[in-house]
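See below for the structure under consideration.
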Amino acid sequence: AAGEGTAEGDDGGESREAGDAGRQRADDADAGAEVIGFAHYRFEVDDEDRPAHPVGYLYELQISSRHQKHGLGGKLMSLVERISSELKMEKVMLTVFKSNVGAMRFYERQEYKVDESSPSNFEGGETCDYEILSKSMTK
């Protein structure tokens with residue numbers, strides 16, 4: 001069909017074959033790749049504040065168990081913080097279960113503090129099973 005798999009005006013010859021070969025090499029390289037960690041974050045507006053303030057929110061930080069204790073989590077956090085800072089986010093926020101003592105210690109070492117919006121700062125909130133932590137990106 002016209003235009004299928006090619007840009008308009010492309011003859012579909014060598015350039016498509018080169019692209020297919022490049023994709024195959026990338027697929028081959030990925031086939032043996034092991035994911036050892038990732039950070040899932042996004043930029044949001046902290047709507048608890050008036051006026052609203054932009055924040056980076058870390059939803060998940062995962063490092064495979066055999067790669068923990070090598071500084072990879074700290075490096076990923078530094079990247080999230082750097083990106084957030086460069087994009088003028090006011091802080092990085094995250095949620096952590098109180099029962100996850102190792103994660104709580106990790107984030108404390110990264111200089112995260114209980115955020116003012118965390119349930120533990122409100123009446124009855126001490127029974128909540130999680131904390132909201134944050135770190136300011138403004139200097």
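The values are calculated or read from the model by the stated rules, or taken from the named source; none is laboratory data. Predicted, not measured: the structure shown is a model, and the values here were computed from it. All Cβ positions, even for glycine, are placed from backbone atoms using ideal geometry, and neighbour counts span all protein chains on display. Heavy atoms of the whole protein, side chains included, go into the accessibility calculation; ligands, DNA and RNA do not. Shrake-Rupley method; radii C 1.70, N 1.55, O 1.52, S 1.80 Å.
Structure above, values below:
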item	result
Unique match (being touching a residue at least 24 places away in the same chain (Cβ under 8 Å), closer than 18 Å to SER136 by Cβ and small (Gly, Ala, Ser)) among SER99, SER64, SER117, SER78	SER117
Lone qualifier among THR127, THR95 - being polar (S, T, N, Q) and farther than 29 Å from GLU34 by Cβ	THR127
Hits in region 74-99 - residues which are within 17 Å of GLN62 (Cβ to Cβ) and in a helix (DSSP H, G or I)	GLY74, LYS75, LEU76, MET77, SER78, LEU79, VAL80
Count of residues meeting criterion [open to solvent by 60 Å² or more (accessible area, probe 1.4 Å) and not β-branched (Val, Ile, Thr)] in region 93-139	18
LEU79 being under 14 Å from the mean Cα position of the chain (by Cα) and either under 16 Å from ARG42 (Cα atoms) or open to solvent by less than 30 Å² (accessible area, probe 1.4 Å) (or both)	yes
Any hit, region 48-68, residues being open to solvent by 90 Å² or more (accessible area, probe 1.4 Å), more than 23 Å from ILE36 (Cα to Cα) and at pLDDT 95 or above	no
